[in-house]
Amino acid sequence: MDASNATNEILNPLAYISGNGTVYIRVYNSNGCYAIAKVNLTVIPPKRSAVLADKTICIDARTNLDAGPGYQSYLWSTGATTQAITGVGVGNYWVILKDNGCSVKQLVSVKKAEDPVISEIEISNNTATVHVKGGKSPYQYAVDSPANWQDSNVFTGLSRGQHIFYVKDSYNCTPVSVEVTVPNLINTITPNGDNKNDYIDYSALGYKENLSFVIYDRYGNKIFTGDKFNNYKWDGRHFDKKISTGTYWFHINWNEPNKEKTPIKYSGWIMVKNID
């Protein structure tokens, strides 16, 4: 009807955008006579690559991107005109794929692998348990050298002093690490004034951030808190009175002075022998 009445004209047929449908065209001869032609429009759907997908790699690694076979032509954002491009790093890319005379632009990203984070280390006597978050599990763990990896996050038989714990995830990127102090352990004090094992002393950890040192009895009652005012030393007293001979538990918490401020939880027991 529009073609017969010369209404709803398509003003720029070269830039006409349409889905599936029908258009009508007036076709004139040299005498000015016309006929109406019917044209059915069928949209050819773009053929996107089913194999081209985002990738995740280590920040300093390289990978390949493959759009798959079967296209008339390829044009990558790198300028390559091959089916695949090789040795690309982290970044955003695109490829124009031509099929059956039609082209589609497909985006693809190469993303940096998220580093795992050592979220906490628990130390009990000479055993350390390393807790990790982020990255992609499964994780692997090592201590003092990033060579002897293990699947377990528990390390036993640690000596006193400084240790470096390493963690890597399934992407096998450069390991993350934390240096931790395993404190010197005193299991027994005899606070009788003879200057031999008269107190438990963790003042050597005074430089650690948020250092907290707490003693509990076997019922879980707090009987002492070590702080900078008492220099993190305890002589077996509660409110200036000698406590009963027995076994007591203690917890020491601090944050390592690194970028992540890794929380450390150290626990153990101590025998107090109050001898008059």
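The values are calculated or read from the model by the stated rules, or taken from the named source; none is laboratory data. Keep in mind that this is a model prediction, so the values were computed, not measured. Cβ sites come from the backbone with ideal geometry, for glycine too, and all protein chains shown count toward neighbours.
Brief remarks on what is shown
- Going through (1) at pLDDT below 95; (2) surrounded by 13 or more Cβ atoms within 10 Å (Cβ to Cβ); (3) not assigned by TED's automatic domain parsing to the domain that holds residue 255 one by one, residue 101 falls short only on (2).
- Annotation note: Cβ proximity below 9 Å between a residue of the range 180-209 that is aromatic (Phe, Trp, Tyr) and a residue that is assigned to a loop (DSSP other than H, G, I, E, B) and surrounded by 15 or more Cβ atoms within 10 Å (Cβ to Cβ) (sequence gap 6+ or interchain) occurs for 199/191; 199/235; 199/236; 202/183; 202/232.
- Considering the conditions (1) touching a Lys or Arg at 6+ places or on another chain (Cβ under 9 Å); (2) of a type outside the set (Phe, Trp, Tyr); (3) under 30 Å from residue 171 (Cα atoms), residue 22 is excluded by exactly one of them, (3).
- Test result for residue 119, out of contact with any Leu (no Cβ under 9 Å at 6 or more places or on another chain), closer than 18 Å to residue 264 by Cα, of a type in the set (Gly, Ala, Ser) and in contact (Cβ under 8 Å) with a residue 60 or more places away in the chain: yes
- Within the range 140-180, the set of residues being within 13 Å of residue 114 (Cα to Cα) and assigned to a loop (DSSP other than H, G, I, E, B) comprises 169, 170, 171, 172, 173, 174, 175.
- Being surrounded by 15 or more Cβ atoms within 10 Å (Cβ to Cβ), outside the structural domain of residue 263 (by TED's automatic domain parsing), under 30 Å from residue 131 (Cα atoms) and aliphatic (A, V, I, L, M) is a condition met by at least one residue of the range 84-92.
- Of the residues screened, residue 15 is one that is exposed (fewer than 11 other Cβ atoms within 10 Å of the Cβ) and either over 30 Å from residue 181 (Cα atoms) or in contact (Cβ under 8 Å) with a residue 24 or more places away in the chain (or both).
- Residue in the range 243-254 that is surrounded by fewer than 13 Cβ atoms within 10 Å (Cβ to Cβ) and without any contact (Cβ under 8 Å) to a residue 12 or more places away in the chain present: no
- The residues in the range 75-100 that are among the small types (Gly, Ala, Ser), farther than 14 Å from residue 52 by Cβ and either in contact with a strand residue (DSSP E or B) (Cβ under 9 Å, 6 or more places away or on another chain) or not in a loop (DSSP other than H, G, I, E, B) (or both) can be counted, and the count is 3.
- Against the test of being over 30 Å from residue 169 (Cα atoms) and of a type in the set (A, V, I, L, M), the options 80, 50, 67 yield a single qualifying residue, 80.
- Filter result for the condition that a residue is hydrophobic (A, V, I, L, M, F, W, C) and within 30 Å of residue 164 (Cα to Cα), over 229, 250, 224: 250
- Exactly one residue out of 228, 265 is of a type in the set (D, E, K, R) and in contact with a strand residue (DSSP E or B) (Cβ under 6 Å, 6 or more places away or on another chain), and it is 265.
- Any hit, the range 31-51, residues being among the aromatic types (Phe, Trp, Tyr), without any contact (Cβ under 8 Å) to a residue 12 or more places away in the chain, outside any loop (DSSP other than H, G, I, E, B) and surrounded by 10 or more Cβ atoms within 10 Å (Cβ to Cβ): yes
- Residue within the range 183-201 that is under 34 Å from the mean Cα position of the chain (by Cα), hydroxyl-bearing (Ser, Thr, Tyr) and surrounded by 14 or more Cβ atoms within 10 Å (Cβ to Cβ) present: no
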